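Visitor: Structure below; questions to follow.
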Amino acid sequence: MRRISQLPVFMQRVGLPMRSAVLALSDLAALLGTMFALLLVRAAFGGVDPDLYHWVFPFLLVAPLLGTSLGLYRSLSLPPDRQMKAVFLLVTLIYAVILLVLFLSQTGDLYSRLVICGGWAISLVTLPLLRLLCIRLFARLPWWSSPLIILDKGPAAKRLWHYLRRHPQHGLRPVTMLDLSNDAEHAALQLAGAARRWPGAVALLLPRVNERGSVDYVTEASRHFAKVIVVPALEAGFRRYWLTPCELSGVTVFLLTQNLHDWRRLAIKRAIDILFCILLLPVVVPLGLLLALLIRLDSPGAPIYRQMRIGREGRLLRVYKFRTMVSDADAKLKEWLAGDAVLKEEWERDHKLREDPRITRMGRFLRKTSLDELPQLLNVVMGDMSLVGPRPIVVAEVKKYGAVFDEYCRVRPGLTGLWQISGRNNTTYAERVAFDHYYINNWSIWMDIWILGRTIPVVLTGYGAY
């Protein structure tokens, strides 16, 4: 039993954290399990010789090596959208090589298309789901995270400490904060002592540390720790960008890629919007008619209403929604706000009311399930909105966006977005603006796909809705 408890420490010493090992085994299990299950299903219908596939299973064992090269098992996790891209590349490259072997051997006719093509498609789902399950099961166990030594004791270090403690899924577990000495010899002794006490730990340097003296703390830390995270001293605005480190004439530089300037990526985004709407058409039309009937039976008034919002380039657009309030909602709002100072303060702060008396019985259901926004698919088809983007705002909300409003005007508003999957109404308005700012600055097709995937459980559970 003692040897088992020492396994995480041993693996960290040899450079393979338990978290990376578990995720690699999870990916391998997803690939092998999917292939095996499909092979059993296809063999049940006859016409397939399972012995033909004996070479495929050992071939899948290279997945962890390929995943390592794609950054799937790093100490510091990739952002979710880039992780999704890496998973797609991992599965696609493996099955591409399998198809290449079949092509070169001219034996493709002997193999089932369901097993090969289906294995690729289903693995794209089972692999991230199994990874998510592992994170949910093991993230709070001590061996999941690498010990993190924060080389600072300032306010930023304390905020980072509490954040990582609340979010163990990142794979970093703060164990101590060191206030490094300005004397090089003393700082070296501090770092050496910390490295001996926490073998396999990761060191993190904040900008304040490197700015306060002549000691080269990065070099000193790298002498004692295999992995050192350096937070660059950038302006606050740059911290919302995903920067890629590069080398230029022996100097480390950061590459900032703005995908919103690439018309080809924007064309793909628009194509995804149209394709998604077409696929949803057989479900949305009958569901929309049923909801419209229920709204009309619940309270008098038209089931759909239009509201003026601000769209791309600051232009006004009419946004369609199912009615969730009484027909004379605006007049009643003015009346209630005039007579209730608490409600007025909440409205001015969040532009929403947690207990809004104007909402009908059917309206509460629609808002809880986000079905009130279903008619906005018409806005998506017309090109006024996109499936993913910042939620469309009214004129009164412009001042809350401040300098970020110019960024907001660069994109089409979205049916869902980063704010919706990150808590929605459980967040402050300032956090909403920050989510929109991050999305716009770091937008990619993969981020849209990730947000769409995360939207499904959020809608089903009604998380953050009121």
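The values are calculated or read from the model by the stated rules, or taken from the named source; none is laboratory data. Here the structure is a predicted model, which means the values were calculated and not measured. As a convention, Cβ positions derive from the backbone with ideal geometry for all residues, glycine included, and neighbour counts pool all protein chains shown. With ligands, DNA and RNA removed, areas are computed over all heavy atoms of the protein, side chains included. Shrake-Rupley method; radii C 1.70, N 1.55, O 1.52, S 1.80 Å.
Visitor: State whether one or more residues within segment 359-378 are modelled with pLDDT under 90 and surrounded by fewer than 14 Cβ atoms within 10 Å (Cβ to Cβ).
Guide: So far as segment 359-378 goes, yes, one or more of its residues are modelled with pLDDT under 90 and surrounded by fewer than 14 Cβ atoms within 10 Å (Cβ to Cβ).
Visitor: Another question about this same structure. Residue by residue through segment 435-458, note down the ones that are more than 11 Å from the chain's Cα centre (by Cα), within 19 Å of residue 244 (Cα to Cα), in a helix (DSSP H, G or I) and hydrophobic (A, V, I, L, M, F, W, C). Full working, then the answer.
Guide: Within segment 435-458, the subset more than 11 Å from the chain's Cα centre (by Cα) is 435-438, 440-445, 456-458.
Subsequent filtering for residues that are within 19 Å of residue 244 (Cα to Cα) retains 437-438, 440-445.
Retained after the next criterion (residues that are in a helix (DSSP H, G or I)): 437-438, 440-441, 445.
Selection gives 440, 445.
Visitor: From 422, 444, which residue is surrounded by fewer than 22 Cβ atoms within 10 Å (Cβ to Cβ), under 28 Å from residue 88 (Cα atoms) and in contact with a Lys or Arg (Cβ under 8 Å, 6 or more places away or on another chain)?
Guide: Details: 422 fails: in contact with a Lys or Arg (Cβ under 8 Å, 6 or more places away or on another chain).
Checking each option against the conditions leaves just 444.
Visitor: If we keep just the residues of segment 118-153 that are of a type in the set (D, E, K, R) and not in a helix (DSSP H, G or I), which is nearest to residue 99 (Cα to Cα)?
Guide: Within segment 118-153, the subset of a type in the set (D, E, K, R) is 131, 136, 140, 152-153.
Filter once more, keeping what is not in a helix (DSSP H, G or I): 140, 152-153.
On the way: 140: 40, 152: 52, 153: 54 Å.
It comes out as 140.
Visitor: Let me ask something else. Among the residues in segment 37-58, are any modelled with pLDDT of 90 or more, surrounded by fewer than 16 Cβ atoms within 10 Å (Cβ to Cβ), under 22 Å from the mean Cα position of the chain (by Cα) and assigned to a helix (DSSP H, G or I)?
Guide: For segment 37-58, residues modelled with pLDDT of 90 or more, surrounded by fewer than 16 Cβ atoms within 10 Å (Cβ to Cβ), under 22 Å from the mean Cα position of the chain (by Cα) and assigned to a helix (DSSP H, G or I): absent.
Visitor: Take the residues of segment 78-122 that are basic (Lys, Arg) and surrounded by 13 or more Cβ atoms within 10 Å (Cβ to Cβ): which is farthest from residue 56 (Cα to Cα)?
Guide: Our first condition is that a residue be basic (Lys, Arg); within segment 78-122, this holds for 82, 85, 113.
Next, only the ones that are surrounded by 13 or more Cβ atoms within 10 Å (Cβ to Cβ) stay: 82, 85.
Details: 82: 28, 85: 24 Å.
Per the stated criteria, the residue is 82.
Visitor: When you check residue 164 against the structure, is it of a type outside the set (Phe, Trp, Tyr), touching a Leu at 6+ places or on another chain (Cβ under 6 Å) and either open to solvent by 50 Å² or more (accessible area, probe 1.4 Å) or at pLDDT 90 or above (or both), yes or no? So that I can check it myself, show each step before the final result.
Guide: Details: of a type outside the set (Phe, Trp, Tyr): yes; touching a Leu at 6+ places or on another chain (Cβ under 6 Å): yes; either open to solvent by 50 Å² or more (accessible area, probe 1.4 Å) or at pLDDT 90 or above (or both): yes.
It is true that residue 164 is of a type outside the set (Phe, Trp, Tyr), touching a Leu at 6+ places or on another chain (Cβ under 6 Å) and either open to solvent by 50 Å² or more (accessible area, probe 1.4 Å) or at pLDDT 90 or above (or both).
Visitor: I would also like to ask the following. If you check residue 303 against the conditions, is it over 28 Å from residue 440 (Cα atoms), out of contact with any Leu (no Cβ under 7 Å at 6 or more places or on another chain) and modelled with pLDDT of 90 or more?
Guide: yes
Visitor: Could you check segment 96-117 and list, in sequence order, the residues that are in a helix (DSSP H, G or I) and among the β-branched types (Val, Ile, Thr)? Can you show your working first?
Guide: Narrowing segment 96-117 to residues in a helix (DSSP H, G or I): 96-105, 108-110, 113-117.
If the condition is that a residue be in a helix (DSSP H, G or I) and among the β-branched types (Val, Ile, Thr), then 97, 98, 101, 115, 116 are the ones that fit.
Visitor: Against the definition (more than 19 Å from residue 25 (Cβ to Cβ) and in contact with a Gly (Cβ under 8 Å, 6 or more places away or on another chain)), how does residue 76 come out, yes or no?
Guide: Details: more than 19 Å from residue 25 (Cβ to Cβ): yes; in contact with a Gly (Cβ under 8 Å, 6 or more places away or on another chain): yes.
Considered against the rule, which asks whether it is more than 19 Å from residue 25 (Cβ to Cβ) and in contact with a Gly (Cβ under 8 Å, 6 or more places away or on another chain), residue 76 comes out as yes.
Visitor: Of all the residues that make up segment 274-301, how many are touching a Lys or Arg at 6+ places or on another chain (Cβ under 8 Å) and open to solvent by 90 Å² or more (accessible area, probe 1.4 Å)?
Guide: 0
Visitor: Another question about this same structure. Pairs needed: first member in segment 115-138, touching a residue at least 60 places away in the same chain (Cβ under 8 Å); second member anywhere, open to solvent by 50 Å² or more (accessible area, probe 1.4 Å) and not small (Gly, Ala, Ser); C-beta distance under 8 Å; at least 6 residues apart or different chains.
Guide: 115/42
Visitor: Something else now. Within segment 1-35, can you find the residues that are of a type outside the set (Val, Ile, Thr), open to solvent by 50 Å² or more (accessible area, probe 1.4 Å) and at pLDDT below 90?
Guide: Residues satisfying the conditions are 1, 2, 3, 5, 6, 7, 10, 13, 15, 16.
Visitor: State whether one or more residues within segment 141-149 are free of Cβ contacts under 8 Å to residues at least 12 places away in the same chain and under 23 Å from residue 226 (Cβ atoms). Explain how you work it out, then say what you get.
Guide: Of all residues in segment 141-149, those free of Cβ contacts under 8 Å to residues at least 12 places away in the same chain come to 141.
Those still in the list that are under 23 Å from residue 226 (Cβ atoms) too: 141.
Yes; the residues of segment 141-149 include at least one that is free of Cβ contacts under 8 Å to residues at least 12 places away in the same chain and under 23 Å from residue 226 (Cβ atoms).
Visitor: Among the listed residues 210, 182, identify the single one that is farther than 30 Å from residue 432 by Cα, in a loop (DSSP other than H, G, I, E, B), at pLDDT below 90 and polar (S, T, N, Q).
Guide: 182 is the lone residue from the list that is farther than 30 Å from residue 432 by Cα, in a loop (DSSP other than H, G, I, E, B), at pLDDT below 90 and polar (S, T, N, Q).
One line per residue, one yes/no per condition, for (1) open to solvent by 10 Å² or more (accessible area, probe 1.4 Å); (2) among the hydrophobic types (A, V, I, L, M, F, W, C); (3) within 16 Å of residue 443 (Cα to Cα); (4) at pLDDT 95 or above:
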{"residue": "383", "(1), (2), (3), (4)": "yes, no, no, no"}
{"residue": "395", "(1), (2), (3), (4)": "yes, yes, no, no"}
{"residue": "407", "(1), (2), (3), (4)": "yes, no, yes, no"}
{"residue": "411", "(1), (2), (3), (4)": "yes, yes, yes, no"}
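Visitor: Just the residues that are touching a residue at least 40 places away in the same chain (Cβ under 8 Å) and open to solvent by less than 60 Å² (accessible area, probe 1.4 Å), please, taken from segment 259-273.
Guide: Here is the first cut: in segment 259-273, the residues touching a residue at least 40 places away in the same chain (Cβ under 8 Å) are 259-260, 265, 268-270, 272-273.
Once the filter is applied, which keeps residues that are touching a residue at least 40 places away in the same chain (Cβ under 8 Å) and open to solvent by less than 60 Å² (accessible area, probe 1.4 Å), segment 259-273 yields 259, 260, 269, 270, 272, 273.
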